[in-house]
Amino acid sequence: MKPFDVCVRGAGIVGRCLALTLARQGLQVALVAEIPAADAQVSSTGDVRAYALNALSVGLLRRLKVWDALPAHAVTAVHDMHIEGDAAGAGLDFSAWEQRVAELAWIVDAAVLERQLADAVRFAPHVSVVAAGQAAGEPAAALTALCEGKASATRSALGVRLERHDYGHRAVATRLVAEQPHLNRARQWFRSPDVLALLPLDAPEPGRSYALVWSLPDERADAMLALDGAAFEQALFEATGGACGALRLAADRAAWPLMLASAEAWSGAGWVLLGDAAHVVHPLAGQGLNLGLADVVALSRVIEQREPWRALGDEKLLRRYVRERSAPTWAMGRLTDGLLHLFSSPQPAVQELRNRGLTLVNRLAPLKRWLGSRALGS
Ligand SMILES: Cc1cc2nc3c(=O)[nH]c(=O)nc-3n(C[C@H](O)[C@H](O)[C@H](O)COP(=O)(O)OP(=O)(O)OC[C@H]3O[C@@H](n4cnc5c(N)ncnc54)[C@H](O)[C@@H]3O)c2cc1C
């Protein structure tokens, strides 16, 4: 096999975006992908998740000519966001108008984005897709970028530990069609210890569809998954207080275990970690993939701006990337973890404090704008 400049391991969204970005710099990239077995169990509706993406992520996908190729029904702009606490009247509202932006975020269908990226990779001139575990051996490259997700086997083989805290919660996700129009508003309910989010979508029904992310303690998640469709819809109606009218299931339900995690090292001589292989955060702020795509932007810039004599796998070069990414990633991990603990505490004093806090932040326009700009990636 011919030597490559970079070997990207893992063809998720982060891995594919990195391969495409580096190929645009003229580098020869091998993308090592797991090819699903012919008898693999695939849900009839595919990945039911939808991702909230910020401006930085959308900018990257635009430069890769992926964003504008997405079908209109797979992308929905968020103009408003309403967050509700667990006391009457406690809430926080964000609007694009207040943030002085055209939209707060975009919601994109996960499965459609994956397919569009796979097409882009197929036609990229400097990217060779290699099946993982080939008999011919692994592609030789000056730098190996690990984008294998949180359970990365290559990270373990390198002896790099994942420092993790399992929440004992799972996120139940599915697609819904609501009785009332979504009006491009995302909604989130903090109901100790549950966090329920509805992200507006335009498929299967334009203007009325949502992606659900409902994080619950493991036993309650199991119970929710075991309910029949009608009982699950009724539980949702109660949890949302009927704010969207009746909610009808439009896809299978699936669940993901939740954790806060970070690899103990993100780079070494000839290797670097990106995306969930390096860090995992709770999805309550919709930031995991945004962090991974920010990793792609940072690493590709560090590589592009390297001194002409510096090798791609040079430890010092890779440490520039780690220095740039570790502080914002750590801060996002603390923020999501802090919010989760604050809103899951059963103590009445904490409950009162958090709900007053929400209402107070809602009245402080500059603080709200600052918080909003952090989430927007601006
Ligand atoms: C319910 C839920 C909702 C979420 N919502 C949002 C959101 O709204 N916004 C947001 O920004 N983030 C969100 N996230 C987080 C987001 O899903 C992840 O951060 C993101 O998918 C990570 O992408 P990745 O490419 O790093 O890893 P993955 O998506 O895990 O991809 C890893 C890839 O590597 C491959 N692979 C694994 N091992 C090997 C190997 N040994 N060799 C070759 N290939 C390998 C896998 O097959 C896979 O294709 C959410 C997460 C959950 C659970």
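We did not get these values from a lab; they are worked out from the coordinates using the rules stated. Keep in mind that what you see is a predicted model, and the values were worked out from it rather than measured. Cβ coordinates were reconstructed from backbone atoms using ideal geometry, including for glycine residues, and neighbour counts include every protein chain displayed.
Exposure proxy shown here: for D166, D228, the number of other Cβ atoms within 10 Å sets the order, fewest to most, as D228, D166. Here the peptides 29-35, 56-62 are ranked by packing, the mean other Cβ count within 10 Å, and the order with the highest first is 29-35, 56-62. Considering every pair of different Cα atoms, what Kirkwood radius, in Å, is found for the range 18-128? Evaluated over the range 18-128, this radius sits at 16.7 Å.
Ranked highest first by average number of other Cβ atoms within 10 Å, how do 3-11, 343-351 line up? Could you put the intermediate results ahead of the total?
Values: 3-11: 23.4, 343-351: 13.6.
My ranking of the peptides, most packed first, is 3-11, 343-351.
With the largest listed first and rounded to whole Å, the semi-axes of the equivalent ellipsoid of the chain from the Cα gyration tensor are 36, 23, 20. Couplings 3J(HN,Hα) for the range 79-85, derived from phi with the Karplus relation 6.51 cos²θ - 1.76 cosθ + 1.60 (θ = phi - 60°), are 9, 9, 9, 10, 10, 10, x Hz, where x marks Gly and Pro.
Axis angle, to the nearest 10 degrees, between helix 288-304 and the longest C-alpha principal axis of the chain: 30 degrees.
The antiparallel fraction among DSSP beta bridges confined to the chain stands at about 70%.
The helix-only estimate of mean residue ellipticity at 222 nm for the chain, built from DSSP H runs of length n ≥ 4 each weighted as -39500 (n - 2.57), is -11500 deg cm²/dmol after division by the residue total. Using only Cα atoms and rounding to the nearest 10 degrees, what angle (0 to 90) does helix 110-122 make with the longest principal axis of the chain? Tilt of helix 110-122: around 20 degrees. Put simply, the convex hull of the Cα atoms in the range 140-190 casts, on average, a shadow of 7.7 nm².
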